[in-house]
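Q: Structure provided below as structure tokens; questions to follow.
The values are calculated or read from the model by the stated rules, or taken from the named source; none is laboratory data. Here the structure is a predicted model, which means the values were calculated and not measured. In this analysis, Cβ positions are derived from the backbone assuming ideal geometry, glycine residues included, and neighbour counts consider all displayed protein chains. Just so you know, the surface numbers come from the protein's heavy atoms only, side chains and all, with ligands and any DNA or RNA stripped out. Shrake-Rupley method; radii C 1.70, N 1.55, O 1.52, S 1.80 Å.
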Amino acid sequence: IRDSINSWTRVELTTAPCEVARLQLVLGQLHCDRGEITDARELWDAAQHLEEHFSSHERVLSAGLRMSIDAARGDDHLVLLAFAALCDLDVDDVSAEYLLIMASALTMTEHYESARAALDLLRDVCGDAATWRTQAMYLQAEIAIRAGQIGHALTLIESFAGRSAVHSEVRQDRLLLLQCWHLLFSGRASDAEVKEAQLVAYATKTRNDAVL
């Protein structure tokens, strides 16, 4: 996919640089979410050549991708700076997308309380937007698992699984992983093994080496 995108950008670079940069940054974030950090960094670097054409949206995407890349490598400097800067921003100046990326980066670097605070702000920003709330609930459950709060994690996963649109709002590999944890925490190890096999099959099919 990335090769075809790069081929397209060479043709369109002079006529639609902002759109090209946005596509590179969005694709880079997808790679980063899959643990493909080298690919993500290459796409971020490519987008920076078009920085002069960035709108405010591309600036947010660029900042979010860079903090995600650093966090995936264990570097929390940028994400902590971004989190501290929230104090000086108006709620209307922050997007739900940016806050979700920030919360994920804070989670990766084990700043769980800060990640929860970012998710609390996300809920204020997004209002009744169901997709962002579902994404926030998923990440909140992951934070509870990482923090060893098993009872809280079970409660979150159960409420999360009951949402009708969850399959369209959360990546399938993430959903399967949460279901594995829920079954394991509930004492259903054999059922968890079945779900784990489904997760491995899906990750193999989609070439998601980070899950494997």
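Q: With the checklist (1) open to solvent by 30 Å² or more (accessible area, probe 1.4 Å); (2) under 22 Å from residue 35 (Cα atoms) in hand, flag the one item residue 67 doesn't pass.
A: Here residue 67 clears every test but (1).
Q: Taking helices (runs of 4 or more DSSP H) that fall entirely within the stretch 165-212, which contain at least 1 residues that are at pLDDT 90 or above? Break it down into steps so the answer makes sense when it comes.
A: Details: elements: 166-169, 172-185, 189-205.
Counting at least 1 such residues, we get 172-185, 189-205.
Q: Of the residues that sit in the stretch 34-54 and are open to solvent by 50 Å² or more (accessible area, probe 1.4 Å) and not in a helix (DSSP H, G or I), which one is modelled with the highest pLDDT? Spell out the reasoning first.
A: Taking the stretch 34-54 and keeping what is open to solvent by 50 Å² or more (accessible area, probe 1.4 Å), we get 34, 38, 41-42, 45, 49, 51-53.
Going one step further and asking which of them are not in a helix (DSSP H, G or I), we end up with 34, 49.
Numbers: 34: 89, 49: 92.
Selected residue: 49.
Q: Go through the residues of the stretch 70-81 one by one and say whether even a single one is of a type in the set (Lys, Arg), in contact (Cβ under 8 Å) with a residue 24 or more places away in the chain and under 22 Å from residue 27 (Cβ atoms).
A: Here is the first cut: in the stretch 70-81, the residues of a type in the set (Lys, Arg) are 73.
Among the residues that remain, those that are also in contact (Cβ under 8 Å) with a residue 24 or more places away in the chain are: 73.
So of that shortlist, the ones also under 22 Å from residue 27 (Cβ atoms) come out as 73.
Yes: the stretch 70-81 contains one or more residues that are of a type in the set (Lys, Arg), in contact (Cβ under 8 Å) with a residue 24 or more places away in the chain and under 22 Å from residue 27 (Cβ atoms).
Q: Determine which member of the set 115, 96, 85 is at pLDDT 95 or above and out of contact with any strand residue (DSSP E or B) (no Cβ under 8 Å at 6 or more places or on another chain). Please lay out each step first, then the result.
A: Working: 96 fails: at pLDDT 95 or above; 85 fails: at pLDDT 95 or above.
Residue meeting the stated conditions: 115.
Q: Just one of (1) open to solvent by less than 40 Å² (accessible area, probe 1.4 Å); (2) hydroxyl-bearing (Ser, Thr, Tyr); (3) modelled with pLDDT under 95 trips up residue 104, so point out which.
A: (3)
Q: All but one of (1) on the phi > 0 side of the Ramachandran plot; (2) in a helix (DSSP H, G or I) hold for residue 110, so report the exception by its number.
A: All conditions pass for residue 110, except number (2).
Q: Can you tell which of 57, 31 is part of a helix (DSSP H, G or I) and either surrounded by fewer than 22 Cβ atoms within 10 Å (Cβ to Cβ) or at pLDDT 95 or above (or both)? Give the steps one after another, and end with the answer.
A: Details: 31 fails: either surrounded by fewer than 22 Cβ atoms within 10 Å (Cβ to Cβ) or at pLDDT 95 or above (or both).
Every option except 57 fails the conditions.
Q: Can I ask one more? Mind counting the residues in the stretch 125-154 that are open to solvent by 30 Å² or more (accessible area, probe 1.4 Å), part of a helix (DSSP H, G or I) and within 14 Å of residue 96 (Cα to Cα)?
A: Total meeting the criteria: 7.
Q: All but one of (1) out of contact with any Gly (no Cβ under 9 Å at 6 or more places or on another chain); (2) charged (D, E, K, R); (3) at pLDDT 90 or above hold for residue 123, so report the exception by its number.
A: For residue 123, the failing item is (3).
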